[in-house]
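The values are calculated or read from the model by the stated rules, or taken from the named source; none is laboratory data. Predicted model, so just to flag it, every value in this text is computed and none were measured. We place every Cβ from the backbone using ideal geometry, glycine too, and count neighbours over all the protein chains shown. All accessible areas refer to the heavy atoms of the entire protein, side chains included, with ligands and DNA or RNA removed. Shrake-Rupley method; radii C 1.70, N 1.55, O 1.52, S 1.80 Å.
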Amino acid sequence: MTVKQSKTSPQLSLILEQRPQHIAARPLILTRSRVVTTEVFDTYWRFAAERQRIFFRKAAGIQPPWTSDPILLRYRFTNAYRAADRVTQFLLRRVQAEGPQDARSLFFRTILFKLFNRTETWILLESKSGPLSPENYTYSSYDGALSEAMAAGRRIYSGAYIMPSGGVEGQRKHAAHLKLLETMMKDDLPMRIAESESMQKAFHLLRGYPMIGDFLAYQYVTDLNYSDLLNFSEMEFVMPGPGARSGIRKCFADYGSYSESDLIRWMADHQEEEFAKRGIEFPSLWGRPLQLIDCQNLFCEVDKYARVYHPEVAGLSGRARIKQEYRLNAEPVDYWFPPKWGLNENVASWSASQNRLTRSA
């Protein structure tokens, strides 16, 4: 891939010119074998830190631009921490924290939201059906609201990832997903999930349903684990998705005897020393280090970033450009995290200090 000069800013052209012309593959001695990294491995750590600095600058109310990196200025990338993304914040505060906290209710609301992963769809269903719960659910009312929205040209699914259709001829995609949720509830999946002895066991329970592969099952179990339905460490289990696997391939020329999951865990376990080696001060999430889910997501984001910054490095996806450009959303986010993480007091103190700085400026 070559970067077309007509679509490349002068800043980006300068950065690409200054990059080394060849990848300097080098060995990284891990516990079991000799793993070979590429220069994208170094970019992973620098990207993570700069993306997190952008997060804090935005959260502090600083006016854009929040970075001098032309790739991060132009294109859309998720936060370094998955739980800090705008849609996940809506899930945490509106979907999970509000309403009954029993297993059936938490499971129903979480999976219903994640099937579409779009805040506007949740708000639409609430406006048409009232509080969203297993008790007041009817297929006809939910299907009617979604079908009406689609007929009016409204999007009901997020573009973050593609939900597979049910594969039933003549059946709309959203209808198949509502029926899937119905089946899960009839199977008493909420209680079976709640009684799981491990995150991996809960993952496999979700994985056993049609239309749910490895990627979605891991995303869903992570979302359920934010709530009081589950209480597993995010360092317990990881399952790399397609984007992460492509990013791992760009960062490592040779995996040695390690699996992709092993490499994600290694990144999480050694993050402090890797940042320190490069002289990078990483601003953690109010004291919470990167978890397995975050390191997994960062591989996906670095896969995208490297399409422009390291166009000569091949991943697994075969994609050569970044589709989504950044669009400013000026609506502030009042950050809030699962209380069991113990972060919200730190967040409140930080926010108060930022407000004092703003008033005194």
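Residue 355 versus residue 57, label points 7 Å from Cα toward the beta carbon: distance in nm?
Result for the modelled spin labels: 2.5 nm.
If you line up the long axis of helix 344-360 against the longest principal axis of the chain, both from Cα atoms, how many degrees apart are they, to the nearest 10?
The angle comes out near 60 degrees.
Take the alpha-carbon positions of the stretch 175-325, form their convex hull, and give its projected area averaged over all directions (one quarter of the hull surface) in nm². Numbers along the way, then the final one.
On the way: hull surface 46.3 nm².
Result: 11.6 nm².
Report, by chain and number, residues whose modeled amide H sits under 5 Å from the one on residue 75, excluding near sequence neighbours (fewer than 5 apart, same chain).
326
Helix 260-269 versus the longest principal axis of the chain: what is the Cα-based angle in degrees, 0 to 90, to the nearest 10?
70
How long are the semi-axes of the equivalent ellipsoid of the stretch 181-233, taking √(5λ) for every eigenvalue λ of the Cα gyration tensor, in whole Å from largest down?
Taking √(5λ) for each Cα gyration eigenvalue gives 16, 13, 9 Å.
Hand me the GluC sites (Glu not before Pro) from the stretch 258-361 located in a DSSP loop with no more than 13 other Cβ atoms within 10 Å, in residue order please. Kindly include the intermediate steps, with their values, before the conclusion.
Values: sites: 260, 272, 273, 274, 281, 301, 312, 325, 345; in loops: 281, 312.
Sites meeting the loop and neighbour criteria: 281, 312.
Taking all protein chains as present, what is the carbon and sulfur share of the accessible area of the chain, in % to the nearest whole number, probe 1.4 Å?
Numbers: 8770 of 17300 Å².
Within the chain, the accessible surface is 51 percent carbon and sulfur.
For a quick check: with amide H placed at 1.01 Å from N, whose amide H comes under 5 Å from residue 37's, ignoring anything fewer than 5 positions away on the same chain?
26, 28, 253
Along the three principal axes, how long is the stretch 236-286 when you take its alpha carbons, biggest first, rounded to the nearest angstrom?
Principal axes ranked by extent give 28, 23, 19 Å for the Cα atoms.
What net charge do the residues around residue 127 carry, taking every other residue with its C-beta under 12 Å from that of residue 127, with Lys and Arg at +1 and Asp and Glu at -1? Don't skip to the answer; put the middle values down first.
Numbers: positive: 128; negative: 120, 126, 148.
Summing Lys and Arg as +1 and Asp and Glu as -1 gives -2.
Can you tell me the convex hull volume per residue for the stretch 54-188, based on C-alpha atoms, in Å³ to the nearest whole number? Each step should come with its number before you reach the end.
Details: hull volume 20.4 nm³, N = 135.
It is 151 Å³ per residue.
Mind putting together the pair-distance distribution for the stretch 303-361? All Cα pairs, 10 Å bins, whole percent per bin, short to long.
17, 23, 20, 28, 11, 0
Taking the Cα centre of the stretch 281-333 as origin, sum charge times position over the Cβ atoms of Lys and Arg (+1) and Asp and Glu (-1), and report the length of that vector in debye to the nearest 20. Please report the intermediate quantities before stating the final value.
Working: 7 positive and 7 negative charges, 49 e Å.
So the dipole magnitude of the stretch 281-333 works out to roughly 240 debye.
Sequence gap at least 6, Cα distance under 8 Å: using those rules, report the relative contact order of the stretch 98-159 to the nearest whole percent. Let's see the in-between values first.
Details: 38 pairs, mean separation 22.3, N = 62.
Result for the stretch 98-159 is 36 percent.
From the convex hull of the Cα coordinates of the stretch 261-361, what is the mean projected area in square nanometres?
On the way: hull surface 38.9 nm².
Computing the convex hull of the Cα atoms and averaging its projections yields 9.7 nm².
Ignoring ligands, DNA and RNA, what accessible area per residue does the chain give at 1.4 Å, in Å²? Could you put the intermediate results ahead of the total?
Values: 17300 Å² over 361 residues.
In whole numbers, the chain has 48 Å² accessible per residue.
Give the relative contact order (percent, whole number) for the stretch 256-361; include only Cα pairs under 8 Å separated by 6+ residues. Could the numbers behind the result be given before it?
Working: 37 pairs, mean separation 21.4, N = 106.
With pairs under 8 Å counted, the relative contact order is 20 percent.
For the stretch 250-258, in order, what is each residue's ³J(HN,Hα) by Karplus, 6.51 cos²θ - 1.76 cosθ + 1.60 with θ = phi - 60°, in whole Hz (x at glycine and Pro)?
6, 7, 10, 6, 8, 7, x, 9, 8
Can you compute the modelled spin-label distance between residue 214 and residue 284, with each label point 7 Å from Cα toward Cβ, in nm?
Computed distance between label sites residue 214 and residue 284 equals 2.9 nm.
Compute the angle between helix 173-186 and the longest alpha-carbon principal axis of the chain, please, reported from 0 to 90 degrees and rounded to the nearest 10.
Compared with the principal axis, the helix lies near 70 degrees.
For the stretch 306-322, take each phi angle, set θ = phi - 60°, evaluate the Karplus expression 6.51 cos²θ - 1.76 cosθ + 1.60, and give the result in whole Hz per residue in order, putting x for glycine and proline.
Along the stretch 306-322, the couplings run 5, 4, 9, 7, 10, x, 7, 9, 8, x, 9, 7, x, 7, 10, 9, 9 Hz.
How large is ³J(HN,Hα), in whole Hz, for each residue of the stretch 44-51 in order, when computed from phi with the Karplus curve 6.51 cos²θ - 1.76 cosθ + 1.60 and θ = phi - 60°, using x for Gly and Pro?
Here the 3J(HN,Hα) series is 3, 6, 5, 4, 4, 5, 5, 5 Hz.
In Å, the Kirkwood hydrodynamic radius of the chain over pairs of distinct alpha carbons?
Values: mean 1/r = 0.0452 Å⁻¹.
It works out to 22.1 Å.
How about residue 201: which aspartates and glutamates have a C-alpha closer than 18 Å to its C-alpha, ignoring those fewer than 8 places off in the same chain?
Filter leaves 187, 188, 214, 223, 228, 234, 236.
Please report, for the Cα atoms of the stretch 26-103, the Rg to one decimal and the Dmax as a whole number; what are they, in angstrom?
18.0, 53
Restricting to Cα pairs below 8 Å that are 6+ residues apart, what does the relative contact order work out to for the chain? Please round to a whole percent. Spell out each step's value before the answer.
Values: 394 pairs, mean separation 89.0, N = 361.
With pairs under 8 Å counted, the relative contact order is 25 percent.
Report P(r) for the stretch 113-188: all Cα-Cα distances, bin width 5 Å, range 0 to the bin holding the largest distance, values in whole percent.
The percentages, shortest bin first, are 3, 15, 26, 30, 18, 7, 1, 0.
For each pair in 114/186; 250/277; 173/323; 128/340; 173/340, compute the distance between the two Cα atoms and list the pairs where it is over 29 Å. Write out the running numbers ahead of the final one.
Numbers: 114/186 19 Å; 250/277 20 Å; 173/323 24 Å; 128/340 33 Å; 173/340 36 Å.
Where the Cα-Cα span goes over 29 Å, the pairs concerned are 128/340; 173/340.
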